[in-house]
Amino acid sequence: ISDKIQLIGSLLDKVDVMIITGGMSYTFLKVLSDMPIGNSLFDAQGALIVKDLMAKAEKNGVKIVLPTDFVAADAFSPDANIKAATVESGIPEEWMGLDIGPKSVALFADVIMKAKTVMWNGPCGVFEFEKFAQGTNGTMDALIMAHDKNGATTIIGGGDSATAAANRNVTDRFSHVSTGGGASLELLEGKELPGVTALSSK
């Protein structure tokens, strides 16, 4: 996660709104809301710069949107027992957040439907397990609707996000699907990509 948290700093110079979801959101919510996160993903190094990132977002007028509800599991397994959780309730000890909940999907969809350009990098949960695919699929549906109804430019820039779209046979419903997740983010960050540089000089 820490490599993406580092990238957020540079992206805050380029976006109006940023949705932070998936495994990264638990680090943000633990730091910002003191939310108990159980055994959910936590990035100790990334946690050290969360407040600096939020301060930069505020300075740049960037709205940060975080999930408000979750699907928690008692094991990292497709057959795990599940329960709903919120920021207020937290995730119980020995449980882990593996997806966002329906309120978060609706919140994200509202943000996406107001956007003219959407860059999506990274799923909202462990979409490989059916029980934890609703957040990713619901967010994906919002991007498709923004593209179809509003003419929004929708870009999937990530291996896992691209896989999630391919699993549903909907890759043709987006403006562009890149399979180079890390490379896509590096390009946005302004880094030089050797392959692109070589092609650009021809």
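How large, in Å, is the chain by the Kirkwood hydrodynamic radius built from its alpha-carbon pairs? Mind showing how you got there, number by number?
Numbers: mean 1/r = 0.0574 Å⁻¹.
Every distinct Cα pair counted, the radius reaches 17.4 Å.
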If you take the charge dipole of segment 34-78 about its Cα centre, with +1 on Lys and Arg Cβ and -1 on Asp and Glu Cβ, which of 42, 76, 64 is farthest toward its positive end?
-> 64
Per residue, how much accessible area does the chain have with a 1.4 Å probe, in Å²?
-> 52
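Among all helices in the chain defined by DSSP H, which have a length of 24 Å or more along the axis from Cα atoms plus a Kyte-Doolittle mean of at least 1.0? Present the calculation step by step, with values, prior to reporting the outcome.
Working: long enough: none.
Result, helices passing both filters: zero.
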Protein accessible area in segment 52-176, 1.4 Å probe - carbon and sulfur % = 51
Directionally averaged shadow of segment 109-174, computed from the convex hull of its alpha-carbon atoms, nm² | 3.8
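How large is the charge dipole for the chain, taken about the Cα centre, if only the Cβ atoms of Lys, Arg (+1) and Asp, Glu (-1) carry charge, to the nearest 20 debye? Could the numbers behind the result be given before it?
Working: 17 positive and 24 negative charges, 144 e Å.
Around 700 debye, computed over the chain.
Which value in deg cm²/dmol, rounded to the nearest 500, describes the helix-derived mean residue ellipticity at 222 nm for the chain, given -39,500 (n - 2.57) per DSSP H run of n ≥ 4 and division by the residue count?
Calculated mean residue ellipticity at 222 nm is -13000 deg cm²/dmol.
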First check a/c for segment 82-202, with a ≥ b ≥ c the square roots of the eigenvalues of its C-alpha gyration tensor; if it is under 1.5, answer rounded, and if not, answer prolate when a/b is larger than b/c or oblate otherwise.
-> prolate
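Calculate the translational D of segment 56-137 in whole µm² s⁻¹ from Stokes-Einstein, where the hydrodynamic radius comes from the Kirkwood formula applied to all Cα pairs, the temperature is 4 °C and the viscosity 1.567 mPa s. If you can, show how the numbers build up before the last one.
Details: Rh = 13.8 Å.
Estimated diffusion coefficient is 94 µm²/s.
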Give, as a single signed number, the net charge of other residues whose beta carbon lies under 12 Å from the beta carbon of residue 154, with Lys and Arg counted +1 and Asp and Glu -1.
-> 0
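Provide Rg over Rh for segment 9-62; use the alpha carbon set for both Rg and the Kirkwood Rh (inverse mean inverse pair distance). List each step's numbers first, then the result.
On the way: Rg = 11.5 Å, Rh = 11.7 Å.
Reported Rg/Rh (Cα atoms, Kirkwood Rh): 0.98.
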Residue with peak Gaussian network fluctuation, the chain [Cα springs, cutoff 10 Å], from 73, 166, 84 | 166
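The values are calculated or read from the model by the stated rules, or taken from the named source; none is laboratory data. Since the model is a prediction, treat every value here as computed from it, not as a measurement. Here the Cβ is made from the backbone with ideal geometry for all residues, glycine too, and neighbour counts use every protein chain on show. Note: areas computed on protein heavy atoms with side chains; ligands, DNA, RNA excluded. Shrake-Rupley method; radii C 1.70, N 1.55, O 1.52, S 1.80 Å.
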